[in-house]
Amino acid sequence: MKHTFASVLTIAMFCTSIPFGQSTSAQSLNYNYLEGNVAFYPSYGSGPGSQDFTGWRVRGAIQPIQEVFVFGQFRYLTDDIDFAQAHIGAAFRFEVARRTDLYVGPSIEYVDFSPGPDDFGFGLRGGLRHRINQEFEIGIEARYVNIGGDIDDDYVGVTGTLQYHLTNHFGLIGELDVEDGDIGFLAGARVNF
């Protein structure tokens with residue numbers, strides 16, 4: 001498959017999160033995690049070619065130093081066509097208040113439509129995370145992604161995330177994802193290291 005390289009790269013990055021993991025106290029923000037989700041994007045794309053995509057996503061992050069974390073994701077969606085997307089990047093985090101961070105950073109992007117083209121591009125992401133209390137954390141992220149080559153497309157996306165911490169090391173995730181007006185719903189679990 002065309003997206004095998006991106007899959008292997010993303011999974012390898014996640015596997016390295018255990019050695020780099022830093023212990024965190026309750027109610028702090030954690031940038032060392034591995035997460036799995038199911039995904040549903042109804043009416044993705046406009047016009048007669050729109051897709052009701054279903055699939056899955058895996059993502060994670062590691063924080064090798066206090067001010068920087070490395071992140072990555074692999075997403076696979078399917079309907080009449082298959083859509084695979086992966087990215088890896090790094091971001092600077094800024095603590096703006098107790099249990100509240102802002103972050104911003106670039107990413108390398110990969111997109112594969114099957115049947116259809118595949119290509120690389122770049123992205124820029126910025127967001128806010130806030131740990132409300134022992135149980136709940138919220139986040140919002142905005143991104144700009146530009147894919148070149150045969151795809152030659154760019155888009156703006158916004159994601160809102162809610163995490164319910166069952167323990168300090170395990171949480172449930174709900175997410176609303178909007179890509180150029182197309183809405184997706186994701187749900188899953190996160191392991192915090």
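Measuring nothing but how far apart in sequence close Cα pairs (under 8 Å, 6+ apart) lie, relative to its length, region 4-192 scores a relative contact order of 18 percent.
Applying Stokes-Einstein at 37 °C and 0.692 mPa s to the Kirkwood radius of region 94-193, computed over alpha-carbon pairs, gives a translational diffusion coefficient of 216 µm² s⁻¹. Among 143, 75, 98, the order by Cβ neighbours within 10 angstrom, fewest to most, reads 98, 143, 75.
Rank these for me by crowding, 111, 191, going from fewest to most other beta carbons within 10 Å.
Values: 111 23, 191 14.
Final ranking by Cβ density, sparse to dense: 191, 111.
Read-outs throughout are calculated quantities, based only on the coordinates presented, and are distinct from any laboratory measurement. If you're wondering where the values come from, they're calculated on a predicted model, not measured in any experiment. Reconstructed Cβ throughout: ideal geometry from the backbone, glycine too, with neighbour counts over all protein chains shown.
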